[in-house]
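Shown next, in structure tokens, is the structure this report addresses.
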């Protein structure tokens, strides 16, 4: 039940506050706060970067199962259902994004704009422009859209997420609940989070509050560089509980470049289903659970039950590792797999195919 939670929080505060007061009354025992433990204000940085953060409003045609007439009196519900039978509904949504080039290229989430019929981008000065989709990548939840401004737009630059450490300060910006440009601050809580969203999960976990509408917004380091893109929250209520996830910039940046150039991301594909081998299997590797009849693996001679132990000489320890190694291989290229089949060790060369749309 949701009601007891605030009560429990209140009781906890009541326990903690007297201890804090006792510490403040004993200055000789209280440790001095080290200098430079945090920024005095994010305001200078925010003023510089916030004009490049945009609000995104989309309209989408849906044919969902929700009954739009459930709020009507029973005697009118059937009448309206008959009148609008077969018509699709129009749904509006909101998200966030950020300008990466003055000519109007904007990065956001695929789940914000991937199925939109109409996209309107709102800027910090109150102006709005229609946008078109340049390209989307469902597997990483990254999208690039484009507006046609009459004058150069303010934009932000990329930072390197590989240099971000747990405990670093970050600022998240976006459009929570459709309220317009907002920021929140926190720290990086963890790195490399796998939340089950897809085979390329490698999220930064941050405790800067994120809410619906923040999707696609940037996460800045203290220098005002984008080191992540807001994409998901973990919450029992749908609102922030201080656990948000951002796609690291080192993943987003090459995806954005490929979307701008080709409108899509081409990934390598073997045409197999895979599973981690049991810990008791001292041979290690990744077990081939099934082989697609139309995939390149079957043509190369891979079989269900084979264990892949290395790709191009690099050891493979998990199914996720194999998927990623193949995915980053350009379609049409050849990879050399070290394979264990029963007691035999062998090398099998495979010409990697192009991952079909919708494949996880």
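The values are calculated or read from the model by the stated rules, or taken from the named source; none is laboratory data. This structure is a prediction, so every number in the text was calculated from the model and none was measured. Quick reminder, even Gly has a Cβ in these numbers, built from the backbone with ideal geometry, and neighbours come from all protein chains shown.
Name the residues in the stretch 213-244 that are outside any strand (DSSP E or B) and without any contact (Cβ under 8 Å) to a residue 60 or more places away in the chain, would you? Result: 234, 235, 236, 238, 239, 240, 241, 242, 243. Among the residues examined, residue 257 qualifies as without any contact (Cβ under 8 Å) to a residue 40 or more places away in the chain and outside any loop (DSSP other than H, G, I, E, B). When the residues of the stretch 265-298 are filtered to those that are farther than 24 Å from residue 196 by Cβ and in contact (Cβ under 8 Å) with a residue 40 or more places away in the chain, the one that is nearest to the chain's Cα centre (by Cα) is 266. Going through (1) crowded, with 24+ Cβ neighbours inside 10 Å; (2) modelled with pLDDT of 95 or more; (3) over 16 Å from residue 138 (Cα atoms) one by one, residue 216 falls short only on (3).
Filtering the stretch 148-177 to residues that are surrounded by 14 or more Cβ atoms within 10 Å (Cβ to Cβ) and either under 18 Å from the mean Cα position of the chain (by Cα) or not in a loop (DSSP other than H, G, I, E, B) (or both) leaves 158, 159, 161, 164, 169, 170, 171, 172, 173, 174, 175, 176. Taking into account only those residues within the stretch 109-130 that are in contact with a helix residue (DSSP H, G or I) (Cβ under 9 Å, 6 or more places away or on another chain) and either without any contact (Cβ under 8 Å) to a residue 24 or more places away in the chain or under 24 Å from residue 224 (Cβ atoms) (or both), which is surrounded by the most Cβ atoms within 10 Å (Cβ to Cβ)? This residue is 123.
Here residue 204 meets each of (1) within 14 Å of residue 228 (Cα to Cα); (2) assigned by TED's automatic domain parsing to the domain that holds residue 224; (3) touching a helix residue (DSSP H, G or I) at 6+ places or on another chain (Cβ under 6 Å) with one exception, condition (3). As a summary of the residue check, residue 343 satisfies the conditions (1) touching a helix residue (DSSP H, G or I) at 6+ places or on another chain (Cβ under 8 Å); (2) without any contact (Cβ under 8 Å) to a residue 40 or more places away in the chain except for the one numbered (1).
Of all the numbered requirements in (1) in contact with a strand residue (DSSP E or B) (Cβ under 8 Å, 6 or more places away or on another chain); (2) surrounded by fewer than 23 Cβ atoms within 10 Å (Cβ to Cβ); (3) closer than 21 Å to residue 198 by Cβ; (4) modelled with pLDDT of 95 or more, residue 257 misses one, and that requirement is (1). Counting only strands (runs of 3 or more DSSP E) that fall entirely inside the stretch 264-360 and contain at least 3 residues that are surrounded by 19 or more Cβ atoms within 10 Å (Cβ to Cβ) and outside the structural domain of residue 252 (by TED's automatic domain parsing), the qualifying elements are 286-291, 307-311, 334-341. Being within 13 Å of the chain's Cα centre (by Cα) and surrounded by 15 or more Cβ atoms within 10 Å (Cβ to Cβ) is the filter; apply it to the stretch 219-242 and report the residue that is farthest from residue 133 (Cα to Cα). For the stretch 219-242, the residue satisfying everything is 233.
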